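Structure record follows, encoded as structure tokens.
The values are calculated or read from the model by the stated rules, or taken from the named source; none is laboratory data. This one's a predicted model, so the numbers in the text were calculated from it and none came from an experiment. Cβ placement follows ideal geometry from the backbone for every residue including glycine, while neighbour counts extend to all protein chains displayed. Quick note on the areas: whole protein, heavy atoms, side chains included, nothing else; ligands and nucleic acids left out. Shrake-Rupley method; radii C 1.70, N 1.55, O 1.52, S 1.80 Å.
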Amino acid sequence: MKSKETILKVEGLCVDFAVRKGTVRVLNDLNLHLERGEALGIVGESGCGKSMTALSIMRLIPVPPGNISQGSILLDGTNLLALKEKQMQDIRGDEISMIFQEPMTSLNPVFTVGSQIGENIRRHQSASKLKAKEKAIEMLHLVGIPAPQQRFSQYPHELSGGMRQRVMIAMALSCQPSILIADEPTTALDVTIQAQIFDLLRDIQNRINTAIILITHDMGVIAEFAKRVIVMYAGRKVEEGPVKEIITDPRHPYTRGLIKCVPFLKRDPGTSREVLNEIPGIVPDLSRLGQGCPFAPRCNYATDLCRTDIPDEKTVGQNHQVICWHAEEIQ
């Protein structure tokens, strides 16, 4: 059996931000890898470090106040943290692209959508203005936008939310990147358009073998789209493994909580209604984290050991790792 190729490897990544109280670590010793053509999900509540992970990979952390203080980000063996900004500009939009949460704020309102897609093509592929236009129209057609020649000349405010998100996807894929980071790509869209966007991403992934990192807070979306998932909490990875195994056999209390928060419809409407589970409390203030597990104040399994020490990563299944003192009890 042919081994899969690792295209992206993040090791020991730490990101700090300077605040009035001092320095706050927003990402702590993060490790992840991405294989070519893979769909990897990163899931967790708002404030857990998902988007910060994406911005770190893209080298878009504002410096100052932010600072990638430790670790490495290897793209095909090249450490992105060692590159100069000019070199990173050559990589962004070409080898690695990103779809941001809200397309209306990501697209420039004073330029047509076609010119914005064409600019990326001309920047990275040294194409003429005519060739860039042809490729941009081709990309608009690829992402399912009707009448692409007409849409090419329209401005972002003339398009619906679903259309704008498709434009963002077209722009991100215009140079056929090896990696596509999708940061909550369907947050502002209704469920029908959400399904269309995920079908589109899956179709494009199969066509050009792009590896996709999907960032979301919804375990239901992860179950539908990704093959492997990383669960994050308070800037740390707490569990990682194949999606099917994580959903059927979660070993971290936080992962269990996220799964139980997903609403579902009963097949028999005559049965009694069940109260939707929720995780008590809120994501902690990262400037006030204690010495132990950051999830301990919200965890039903927490003991004195959890409040004083953070456990090492342990393997609990095939390619399934968890950072929890009580992983065996939770089985």
Subject >> Residue in region 27-46 that is farthest from P284 (Cα to Cα), counting only those that are of a type outside the set (D, E, K, R) and not in a strand (DSSP E or B) >> reply: G37
**OP:** Evaluate region 205-217: report whether one residue or more is touching a strand residue (DSSP E or B) at 6+ places or on another chain (Cβ under 6 Å), open to solvent by 10 Å² or more (accessible area, probe 1.4 Å), farther than 18 Å from C261 by Cβ and charged (D, E, K, R).
**Re:** no
Original post:
Just wondering, is there one or more residues in region 36-55 that are within 15 Å of A211 (Cβ to Cβ), among the charged types (D, E, K, R) and in contact with a strand residue (DSSP E or B) (Cβ under 9 Å, 6 or more places away or on another chain)?
Top reply: yes
Subject >> Unique residue being within 26 Å of F225 (Cα to Cα) and among the basic types (K, R) when the list is R20, R25, R92 >> reply: R92
Subject >> Whichever residue in region 98-127 is open to solvent by less than 60 Å² (accessible area, probe 1.4 Å), farther than 18 Å from S153 by Cβ and of a type in the set (G, A, S) and, among such residues, is modelled with the lowest pLDDT >> reply: S106
Original post:
Taking interchain pairs and intrachain pairs at least six residues apart, which have beta carbon atoms under 7 angstrom, with the first residue in region 171-192 and under 16 Å from V143 (Cα atoms) and the second among the basic types (K, R)?
Top reply: S174/K135
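It is to be established whether one or more residues within region 319-331 are out of contact with any Lys or Arg (no Cβ under 9 Å at 6 or more places or on another chain), at pLDDT below 85 and assigned to a helix (DSSP H, G or I).
Step one: list which residues in region 319-331 are out of contact with any Lys or Arg (no Cβ under 9 Å at 6 or more places or on another chain), which gives 325, 329.
Next cut, at pLDDT below 85 only: 329.
Now narrow it down to the ones that are assigned to a helix (DSSP H, G or I): 329.
Checked region 319-331: at least one residue is out of contact with any Lys or Arg (no Cβ under 9 Å at 6 or more places or on another chain), at pLDDT below 85 and assigned to a helix (DSSP H, G or I).
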Subject >> Number of the condition not met by K9 [criteria: (1) open to solvent by less than 50 Å² (accessible area, probe 1.4 Å); (2) modelled with pLDDT of 95 or more] >> reply: (1)
Original post:
Restricted to region 291-312, and to residues that are surrounded by fewer than 13 Cβ atoms within 10 Å (Cβ to Cβ) and at pLDDT below 90, which residue is farthest from G49 (Cα to Cα)?
Top reply: N300
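Just checking, which of I145, I61 is part of a loop (DSSP other than H, G, I, E, B) and modelled with pLDDT of 90 or more? Full working, then the answer.
Details: I145 fails: modelled with pLDDT of 90 or more.
So the residue among I145, I61 that is part of a loop (DSSP other than H, G, I, E, B) and modelled with pLDDT of 90 or more is I61.
So that you can scan it fast, the table gives a plain yes or no per residue for (1) open to solvent by less than 30 Å² (accessible area, probe 1.4 Å); (2) of a type in the set (A, V, I, L, M); (3) out of contact with any Gly (no Cβ under 6 Å at 6 or more places or on another chain):
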| position | (1), (2), (3) |
| --- | --- |
| L142 | no, yes, yes |
| I145 | yes, yes, yes |
| P148 | yes, no, yes |
| M171 | no, yes, yes |
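Using the structure shown, decide if D94 is touching a residue at least 60 places away in the same chain (Cβ under 8 Å), out of contact with any Leu (no Cβ under 6 Å at 6 or more places or on another chain) and either part of a helix (DSSP H, G or I) or charged (D, E, K, R) (or both).
Details: touching a residue at least 60 places away in the same chain (Cβ under 8 Å): yes; out of contact with any Leu (no Cβ under 6 Å at 6 or more places or on another chain): yes; either part of a helix (DSSP H, G or I) or charged (D, E, K, R) (or both): yes.
Yes; evaluated as a whole, the condition is true for this residue.
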Original post:
If the Cβ limit is 6 Å and pairs must be 6+ apart or interchain, which residue in region 151-168 that is closer than 23 Å to A195 by Cβ and modelled with pLDDT under 90 pairs with which residue that is open to solvent by 10 Å² or more (accessible area, probe 1.4 Å) and outside any helix (DSSP H, G or I)?
Top reply: G161/A188; G161/L189; G162/L189
Subject >> Selection from region 150-164 of residues that are closer than 21 Å to V110 by Cβ and part of a helix (DSSP H, G or I) >> reply: Q150, R151, F152, P156, H157, E158, G161, M163, R164
**OP:** Determine which member of the set S56, S51, S46 is at pLDDT below 90 and hydroxyl-bearing (S, T, Y).
**Re:** S46
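Suppose we filter region 10-31 for residues that are aliphatic (A, V, I, L, M), under 12 Å from S72 (Cβ atoms) and under 15 Å from the mean Cα position of the chain (by Cα); how many remain?
Applying the first criterion (aliphatic (A, V, I, L, M)) to region 10-31 yields 10, 13, 15, 18-19, 24, 26-27, 30.
From what is left, the residues that are under 12 Å from S72 (Cβ atoms) are 10, 13, 30.
So of that shortlist, the ones also under 15 Å from the mean Cα position of the chain (by Cα) come out as 10, 30.
Qualifying residue count, region 10-31: 2.
Considering T315, T255, which residue is open to solvent by 40 Å² or more (accessible area, probe 1.4 Å), modelled with pLDDT of 90 or more, among the β-branched types (V, I, T) and not in a loop (DSSP other than H, G, I, E, B)?
Numbers: T255 fails: open to solvent by 40 Å² or more (accessible area, probe 1.4 Å).
Criteria check complete, one pass: T315.
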